[in-house]
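Below: one structure, written as structure tokens.
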Amino acid sequence: MGTWEVTTWLSVIALMIAAYLLGSIPSAVWIGKKYYGIDIREHGSKNAGTTNMLRVLGKRAAIPVFIIDYFKGFVAVILTSVMRYDDAINDAWLINLRIIATVFVVLGHIYPIFAGFKGGKGVATLLGAGTGIYAPILLLCFGVWCFVFAIWHYVSLASMVAGCCYPCFVMIFSTMTYNPAAPFESVPFIVFSWVVAILLVWTHRKNISRLRGGTESQIFLWGGPDDDTSKK
């Protein structure tokens, strides 16, 4: 890899700032205020994310929030592809830049500059960013999420289990095949996958307490004993 010139550094910094600003788009806050007249951070779990929108305002409000938050992460990672045209950036560094962009876009979601630095947990944004890095592994994790959610109806539990499966799938992929250009052959990416799993569990520690105490809310997308979101 060639020496990084000033233009390379400036390009990378600009991409990271763009990733943070994309993450800072507070979709749940803006949609809640504009269309429902409430600040979602003052209701339910007080989390500015898809799950709380679903619990408080229903599917019609939650779906666009999920879509926007997902694509925030996806776009932030895909934007780093422009660095392919910089001779100083090789495949290994491109993977690293995608990981760094993921960190910045998720930080933007959790601490959004456009919403007083009080946002959500970043699960949907992380899902989009992970898809941009390497989609097959994220699809497997999403399959795990759907399975756990369909059985137990806890979004938090499904998110934690899927997140913990992420590094496991990365390790499995790395032993099944060898491709130097693939992210799962990158040591920083392997470390990143474990960090993601740990952080997902950490950010859901209150949910863990509620799960252990039997007070965590279940969500039934297609009707259920405790669900009235389908009516909204």
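The values are calculated or read from the model by the stated rules, or taken from the named source; none is laboratory data. A quick note: this is a predicted structure, and the numbers were derived from the prediction, not measured. Every residue, glycine as well, gets a Cβ built from its backbone with ideal geometry; the counts of neighbours run over all protein chains shown.
In the set Gly32, Gly37, Gly108, only one residue is surrounded by fewer than 16 Cβ atoms within 10 Å (Cβ to Cβ), small (Gly, Ala, Ser) and modelled with pLDDT of 95 or more; that residue is Gly37. For Phe117, the conditions (1) outside any helix (DSSP H, G or I); (2) at pLDDT 95 or above; (3) buried (at least 24 other Cβ atoms within 10 Å of the Cβ) all hold with the exception of (3). Of all residues in the stretch 206-232, those satisfying the criterion of being modelled with pLDDT of 75 or more, surrounded by 10 or more Cβ atoms within 10 Å (Cβ to Cβ) and either of a type in the set (A, V, I, L, M, F, W, C) or in a helix (DSSP H, G or I) (or both) are Lys206, Asn207, Ile208, Ser209, Arg210, Leu211, Ile219, Phe220.
Would you please name the residue that is farthest from Asn47 (Cα to Cα), looking only at residues in the stretch 17-27 that are assigned to a helix (DSSP H, G or I) and within 16 Å of the chain's Cα centre (by Cα)?
Taking the stretch 17-27 and keeping what is assigned to a helix (DSSP H, G or I), we get 17-23, 27.
Now drop any that are not within 16 Å of the chain's Cα centre (by Cα), which leaves 19-23, 27.
Working: Ala19: 21, Tyr20: 19, Leu21: 19, Leu22: 18, Gly23: 15, Ser27: 12 Å.
Within the stretch 17-27, the match that is farthest from Asn47 (Cα to Cα) is Ala19.
The one condition from (1) in a helix (DSSP H, G or I); (2) acidic (Asp, Glu); (3) out of contact with any helix residue (DSSP H, G or I) (no Cβ under 7 Å at 6 or more places or on another chain) that Asp69 does not meet is (3).
Would you confirm whether any residue within the stretch 8-15 is of a type outside the set (A, V, I, L, M, F, W, C), over 15 Å from the mean Cα position of the chain (by Cα) and surrounded by fewer than 22 Cβ atoms within 10 Å (Cβ to Cβ)?
First, pick out the residues of the stretch 8-15 that are of a type outside the set (A, V, I, L, M, F, W, C): 8, 11.
Filter once more, so that each one left must be over 15 Å from the mean Cα position of the chain (by Cα): 8, 11.
Filter once more, so that each one left must be surrounded by fewer than 22 Cβ atoms within 10 Å (Cβ to Cβ): 8, 11.
Checked the stretch 8-15: at least one residue is of a type outside the set (A, V, I, L, M, F, W, C), over 15 Å from the mean Cα position of the chain (by Cα) and surrounded by fewer than 22 Cβ atoms within 10 Å (Cβ to Cβ).
If you check Ala150, Ala92, Ala158 for being at pLDDT below 90 and either part of a helix (DSSP H, G or I) or buried (at least 20 other Cβ atoms within 10 Å of the Cβ) (or both), only one passes: Ala92.
Looking only at residues in the stretch 63-75 that are among the aliphatic types (A, V, I, L, M) and either more than 24 Å from Thr8 (Cβ to Cβ) or touching a residue at least 60 places away in the same chain (Cβ under 8 Å) (or both), which one is surrounded by the most Cβ atoms within 10 Å (Cβ to Cβ)?
By that ranking, first place goes to Val65.
Looking only at the stretch 54-63, which residues are in contact with a helix residue (DSSP H, G or I) (Cβ under 6 Å, 6 or more places away or on another chain), within 27 Å of Val103 (Cβ to Cβ) and of a type outside the set (Gly, Ala, Ser)? Of everything in the stretch 54-63, just one residue is in contact with a helix residue (DSSP H, G or I) (Cβ under 6 Å, 6 or more places away or on another chain), within 27 Å of Val103 (Cβ to Cβ) and of a type outside the set (Gly, Ala, Ser), namely Leu54.
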